[in-house]
Amino acid sequence: MATNSDKSQEISSEWLIRPCEEYSDELSYCRSWRGRLHQRYMLGQRKDCAPIAEALHSCMFWLQRQDAQELKKLIVYEEERHIRRKLSSENNDVWQLRTRPPSDWNAPLPDWARQRAESIGKQKRKDTA
């Protein structure tokens, strides 16, 4: 019979798995009115929360019963999640990506910003004294 450490060594992507509390929080937010409002604003429709619920179920089964099939389901969910996040950032065409920093990135601050920074520093020194 394989021990828990043997099972862990068999599955190399186990590090992807988050604590079950995070899946629970993600599911509660997905189902909450605030989450639904955010989904309506961002996507124009409700998001299906079933995959998150299934991931939570798999996480709990993995913790309680050390079921390798549930662990594999959870890893697949996390890999798909990472791919979705990466694709969404790559498909974001709102900002033009830079190939190098702006030419004046290290220019001195304008007078108003320098004076404000100095006054904030003086205020902090007063508070600590």
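Quick notes
- Scanning segment 40-89 for residues being of a type outside the set (A, V, I, L, M) and more than 16 Å from the chain's Cα centre (by Cα) gives a total of 23.
- Across segment 82-99, a minimum of one residue is classified as closer than 28 Å to residue 52 by Cβ, of a type outside the set (S, T, N, Q), touching a Leu at 6+ places or on another chain (Cβ under 8 Å) and outside any loop (DSSP other than H, G, I, E, B).
- Among the residues making up segment 77-92, a single one is modelled with pLDDT under 95 and of a type in the set (A, V, I, L, M): 87.
- Taking (1) at pLDDT 95 or above; (2) assigned to a helix (DSSP H, G or I); (3) within 29 Å of residue 15 (Cβ to Cβ) in turn, residue 34 satisfies each apart from (3).
- Hits in segment 65-74 (condition: touching a helix residue (DSSP H, G or I) at 6+ places or on another chain (Cβ under 6 Å) and within 18 Å of residue 51 (Cα to Cα)): 70, 71, 73, 74
- Of residues in segment 10-23 being buried (at least 16 other Cβ atoms within 10 Å of the Cβ) and free of Cβ contacts under 8 Å to residues at least 60 places away in the same chain, the one farthest from residue 83 (Cα to Cα): 20
- Candidate set from segment 39-57 (those that are in a loop (DSSP other than H, G, I, E, B) and surrounded by 14 or more Cβ atoms within 10 Å (Cβ to Cβ)); member that is modelled with the lowest pLDDT: 47
The values are calculated or read from the model by the stated rules, or taken from the named source; none is laboratory data. A quick note: this is a predicted structure, and the numbers were derived from the prediction, not measured. Methodologically, a virtual Cβ is constructed for each residue, glycine included, from the backbone with ideal geometry; neighbour enumeration extends over all protein chains shown.
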